[in-house]
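The values are calculated or read from the model by the stated rules, or taken from the named source; none is laboratory data. These numbers come from a predicted model, not from an experiment. Here the Cβ positions follow ideal geometry from the backbone for every residue, glycine too, while neighbour counts run over all protein chains shown. For accessibility, only protein heavy atoms count, side chains too; no ligands or nucleic acids. Shrake-Rupley method; radii C 1.70, N 1.55, O 1.52, S 1.80 Å.
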Amino acid sequence: QVQLVESGGDLVQPGGSLRLSCAASGSMAAVYAMGWYRQAPGKQRELVATISPLGDTNYADSVKGRFTISRVNGKNIMFLQMNSLKAEDTAVYYCVAGAAAGPGGIYGMGSGPWWGQGTQVTVSS
């Protein structure tokens, strides 16, 4: 079974930076679309950013210009560089992989999408 593992979450002050990583393992024969979701306490889970197998990216308006999603070419490994962090960025961040990315997020086709366990990002002074 496909497994996704996130890392890099931490406590950081407003204006600071963090880099999250996501690595896939298991029966992943193809290069998949990947993305990041986040969920803050008392709020709905929201899509942060996506990246296609060829590296095309999309971002939520709330993070555009501050966050950068990237991946290792030809691999199901991706990163989220977060700069100019704000208190409202505090959330559990989840890595997701699937067959396709669309306006609603990452989708599976026959199998998936697959979710990581989440990593906590806390932005506070």
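Worth pointing out:
- Of the residues making up segment 40-95, those that are over 12 Å from the mean Cα position of the chain (by Cα) and acidic (Asp, Glu) are 56, 61, 88, 89.
- Within segment 11-45, the residues that satisfy the criterion of being open to solvent by 50 Å² or more (accessible area, probe 1.4 Å), closer than 19 Å to residue 83 by Cβ and in a strand (DSSP E or B) are 11, 19.
- Here the condition is being assigned to a loop (DSSP other than H, G, I, E, B), surrounded by 15 or more Cβ atoms within 10 Å (Cβ to Cβ) and either out of contact with any strand residue (DSSP E or B) (no Cβ under 6 Å at 6 or more places or on another chain) or of a type in the set (Gly, Ala, Ser) (or both); of 74, 112, 55, it holds for 112 alone.
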